[in-house]
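Right, one structure below, let's go through it.
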Amino acid sequence: MTTEDSALVAAATAGDQRAFSELTERYRTELRVHCYRLVGSFDEAEDLVQETFLRAWRKRGTYAGRSTFRAWLYRIATNAGLDVLDRRPRDPLAGSLRDGAPPPAAVAGLQPFPDRLLDQVESPEAGPDARVVAKETIELAFLAAIQQLPPRQRAVLILRDVLGWRAAEVADLLDTSTASVNSALQRARQTLQGGLPRARSEWTAGTPSEQDRAVLDRYLAAIERNDDAALGELLSDDVRCSQQPWAGGNMTPDPIWYRGRATVVRAWQPLFHGEAPISCRAVATAANRQPAFGMYVRTPDMPAFAPFGLTVLGIGDGVVTEISVFHPDVFAAFGLPESL
């Protein structure tokens, strides 16, 4: 920590609100990603960052300088997230990792994270500490899988295997022993085995490739033509599709998911070729370092295209392997219009 930073920390912990705000804002974007990983919800992550800063301000006098101010904020944020998870009802999908990772959109409360906000974390202006965050796992498959872990195992896995903290540091953060941390990490890894790549380097998701974007462009064109045959050509044999539960229109109040090209194409046919003709429009975006788009639909009696859902695609070897459809209430976070 530089002399200037030390002076800023001293001023902030002494009660200088301006210094405190300047210091905490440096870490807002990476803390939001950390909270998001812990709870799986973009909306809750936003609230948790605010809660972290409120707790930090109230407890500023307890900062003793034994760790960096950044690590101290992570401690507060992690415990705030664990408080949320302790109050949350058990996900009915919990334990389903025995049969592989659950489909992302079927996991209760899971929301996509806009790439435009991840870009802020990765910017050179964010500083060297934030560049560690740029290498964190962010793909939806990883998020869906770790949401099935017990809260403290989840926190240990994120801190150790994603952020790269030492076991002793995690033990200090969670007020437990190093042995307990190592045990929790071992159990978490065993639970995830088979559902995720084993090598940490394989977990890291990069930005969508040119090939991925080309697949996305063809996918969007097929949707706007209501061309289920063209869509089918873009799907892998064992493609998985999941839809987040919500009521309204053709949506269902329960999570649904299905596997296989033929099954997925049949599921779309009522939308594309039902009694009431439906026109579709799509606006490309990116979520969790994966291609995504906002889908809008309109029937002849509608004045404009209305939001239908935010779809995130998993693409491998030039075909779509995973389709995750989320509630349209996330459109605002992605800067997508309310209608077209």
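3J(HN,Hα) along the range 310-318, derived from phi through the Karplus expression 6.51 cos²θ - 1.76 cosθ + 1.60 where θ = phi - 60°, amounts to 9, 9, 10, 9, x, 10, x, 6, x Hz, with x in place of Gly and Pro. Computed from the Kirkwood radius of its Cα pairs, the Stokes-Einstein diffusion coefficient for the range 210-334 at 37 °C and 0.692 mPa s stands at 224 µm²/s. Between residue 305 and 340, the built amide H atoms are under 5 Å apart, and every one of these is 5 or more places off in sequence or on another chain.
Within the range 210-334, antiparallel bridges make up roughly 85 percent of the DSSP beta bridges whose residues both belong there.
Close amide H partners of residue 165, meaning residues 5 or more places away or on another chain with modelled amide H under 5 Å apart, are 160. In order along the range 72-79, the phi-based Karplus estimate (6.51 cos²θ - 1.76 cosθ + 1.60, θ = phi - 60°) of 3J(HN,Hα) comes to 4, 5, 4, 4, 5, 4, 5, 5 Hz; Gly and Pro are listed as x. Panel order for 236, 41, by other beta carbons found within 10 Å of each beta carbon, from fewest to most: 236, 41. If R0 is taken as 45 Å, the Cβ-Cβ distance between residue 275 and residue 90 corresponds to a FRET efficiency of 0.65.
None of the figures in this text is laboratory data; all of them are computed from the coordinates on show. Predicted, not measured: the structure shown is a model, and the values here were computed from it. Because the Cβ atoms are built from the backbone with ideal geometry, glycine has one as well, and the counts that use them run over all protein chains shown.
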